[in-house]
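Reading through the structure tokens given below for one structure.
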Amino acid sequence: MYFYQPSQGHGLPHDPLNAIIGPRPIGWIASQDAAGHTNLAPYSFFNCFNYRPPIIGFASSGWKDSVRNIVETKEFVWNLATRELAEAMNETSASLPQGEDEFAFAGLTKAESTLVKVPRVAESPVNFECRLSQCIQLTAADGTAIESWLVLGEVVGIHIASSLLEEGIYQTAKANPVLRAGGPSAYYSISDEHRFDLVRPDARR
């Protein structure tokens, strides 16, 4: 077994943490400030944390525009990043001057949301309209504050392309989502060829 203490460095060509905790869904987060300037950025530390109410969250290394906007307006939109939108999603990771619009930079269309003021990515087949529930600065085990923030939001509205619903069941693979993996550039997509089913023990009783 290869063993290392993260505080002492990993001694490898690339930090393996991201590759081990993966593949991970992309937090493609749209936000805007109080003046209406929009921001769109992908976060690879993202997931869903609760069913009812539905709560999703992403972590930001540094107090970035997305975090500042969401704390200011209490709203954001998560957009599903698909294989077809992967290149555009990657473009929105560019370090643009403050105020420059990532939607326009990546050639994406803004769609009006229903319950929040933040626009959705029109090309994305799934969008979650969210309201901020918590913004937490992370700490180390000894209580030392870290320059990373966990943003949690309650999903108050969900848009799903009708083509992804078959007999009322959402088809995960049909959406062709993009998942972040290890290394500086690795992503994966999924397909039904790799699907397998497991029935939980309690459901077998």
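The values are calculated or read from the model by the stated rules, or taken from the named source; none is laboratory data. In this text, all values refer to a predicted model and were calculated from it rather than measured experimentally. Cβ: placed from backbone, ideal geometry, glycine included. Neighbour counts: every protein chain shown.
Against the numbered list (1) modelled with pLDDT under 95; (2) in contact with a strand residue (DSSP E or B) (Cβ under 6 Å, 6 or more places away or on another chain), Asn79 comes up short only at (1). Put simply, of Gly143, Gly183, Gly157 the only residue that is surrounded by 15 or more Cβ atoms within 10 Å (Cβ to Cβ) and either part of a strand (DSSP E or B) or out of contact with any Gly (no Cβ under 8 Å at 6 or more places or on another chain) (or both) is Gly157.
Every residue, every condition in (1) surrounded by 13 or more Cβ atoms within 10 Å (Cβ to Cβ); (2) modelled with pLDDT of 95 or more; (3) out of contact with any Leu (no Cβ under 8 Å at 6 or more places or on another chain), yes or no:
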{"position": "Leu12", "(1), (2), (3)": "no, no, yes"}
{"position": "Asn18", "(1), (2), (3)": "yes, no, yes"}
{"position": "Ile26", "(1), (2), (3)": "yes, yes, no"}
{"position": "Tyr43", "(1), (2), (3)": "yes, yes, yes"}
{"position": "Pro53", "(1), (2), (3)": "no, yes, yes"}
{"position": "Ser61", "(1), (2), (3)": "no, yes, yes"}
{"position": "Arg68", "(1), (2), (3)": "yes, yes, yes"}
{"position": "Glu72", "(1), (2), (3)": "yes, yes, yes"}
{"position": "Glu75", "(1), (2), (3)": "yes, yes, no"}
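Could you go through segment 120-129 and let me know if any residue there is in a loop (DSSP other than H, G, I, E, B), out of contact with any helix residue (DSSP H, G or I) (no Cβ under 7 Å at 6 or more places or on another chain), in contact (Cβ under 8 Å) with a residue 60 or more places away in the chain and surrounded by fewer than 16 Cβ atoms within 10 Å (Cβ to Cβ). The answer is no, given that none of the residues of segment 120-129 is in a loop (DSSP other than H, G, I, E, B), out of contact with any helix residue (DSSP H, G or I) (no Cβ under 7 Å at 6 or more places or on another chain), in contact (Cβ under 8 Å) with a residue 60 or more places away in the chain and surrounded by fewer than 16 Cβ atoms within 10 Å (Cβ to Cβ).
Among residues of segment 66-91 that are assigned to a strand (DSSP E or B), those with a Cβ under 6 angstrom from a residue that is among the basic types (Lys, Arg), sequence gap 6+ or separate chain, pair up as Glu75/Arg131; Val77/Arg120. Considering only residues that are in contact (Cβ under 8 Å) with a residue 24 or more places away in the chain, assigned to a loop (DSSP other than H, G, I, E, B) and more than 16 Å from the chain's Cα centre (by Cα), which ones fall in segment 92-115? Within segment 92-115, Gln98, Gly99, Asp101, Ala106, Leu108, Ser113, Thr114, Leu115 qualify.
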